[in-house]
1. Eight or more residues apart or on different chains, and alpha-carbon atoms under 17 Å: count the Lys pairs in the stretch 111-172 matching that.
2. Hey, can you rank 159-165, 137-143 by average C-beta count inside 10 Å, highest first?
3. Let me check something: with ligands and nucleic acids excluded, how do Asp14, Asp42, Asp136 order by accessible area (1.4 Å probe), largest to smallest?
4. How much accessible area per residue does the stretch 114-172 have, counting only protein heavy atoms and a probe of 1.4 Å, in square angstrom?
5. Rounded to the nearest 10 Å², what accessible area does Ile120 show when all protein chains are kept and the probe is 1.4 Å?
6. Under 13 Å from the Cβ of Asp14, count the other residues' Cβ atoms, weight Lys and Arg +1, Asp and Glu -1, and hand me the total.
7. Taking the Cβ of Pro126 as the center, what net charge do the other residues with Cβ under 9 Å away carry, scoring Lys and Arg +1 and Asp and Glu -1?
8. Where does the charge balance sit around Leu153 when Lys and Arg score +1, Asp and Glu -1, over other residues with C-beta under 9 Å from its C-beta?
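The values are calculated or read from the model by the stated rules, or taken from the named source; none is laboratory data. Small disclaimer: the values here were computed from a predicted structure and weren't measured. Glycine gets a Cβ as well: all are built from the backbone with ideal geometry, and neighbour counts include every protein chain shown. Surface areas here come from the heavy atoms of the whole protein model, side chains and all, with no ligands, DNA or RNA. Shrake-Rupley method; radii C 1.70, N 1.55, O 1.52, S 1.80 Å.
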Amino acid sequence: VEFMGTNSYISLPDLGKADAFTFSASVLLRDVQSKPVTTILDTLSEPGGVKLQFVHSGVPGKDGKNSTKLIFQVNGNAGGDVNDSGVQGQNDRYYEHEYTFGQTANDWTSHPGDHAWFDIGVVYKPAEKKVEFYYDGRLDKTAFFSTAVKPVLKGVRLGAGYNSGEYLSGGL
């Protein structure tokens, strides 16, 4: 599905409360640098509401490459990584993971073509208080929350957040 970056998204029917949550997709990001937030998935912001976003802080990461992070949130969780001041609006409900895609920051604007397709996966297991991040089919990182609530999948949007300007420019 192609998303144009403004006013385009897919609405899914309400799925209610779940015991766990898995999201997997091939993603094409056309221009993540000019937008601080690109939302892949968002639900209504109630306890258990889920968000999956790419956040570009504009600050080089530890390896000097682009500092785009995949942010996973479940409203009501606590204990996520809150020590990265480069990500705005964070609190203890977020866990973030840095993705560099092996490119420099300039690659996002000078080469925004199809070379930016990659696979992501997020597996959230609230009973175990953990989230697993997958990149191109391999487990990349496991993180733990101190408090984890069951996800509630109501008002699901793919390709856009409920906040303005968080549209995906690219594809899923």
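1. 6
2. Working: 159-165: 16.9, 137-143: 12.3.
Result, highest mean Cβ count within 10 Å first: 159-165, 137-143.
3. Working: Asp14 95, Asp42 0, Asp136 65 Å².
Of Asp14, Asp42, Asp136, the descending order of accessible area is Asp14, Asp136, Asp42.
4. On the way: 2690 Å² over 59 residues.
So the stretch 114-172 comes to 46 Å² accessible per residue, rounded to a whole number.
5. The value for Ile120 is about 10 Å².
6. Details: positive: Lys17, Lys154, Arg157; negative: Glu46.
Every neighbour counted, the sum reads +2.
7. Details: positive: Lys125, Lys129, Lys130, Lys150; negative: Asp19, Glu128.
Local net charge: +2.
8. Details: positive: Lys17, Lys154; negative: Asp14.
Local charge sum for Leu153: +1.
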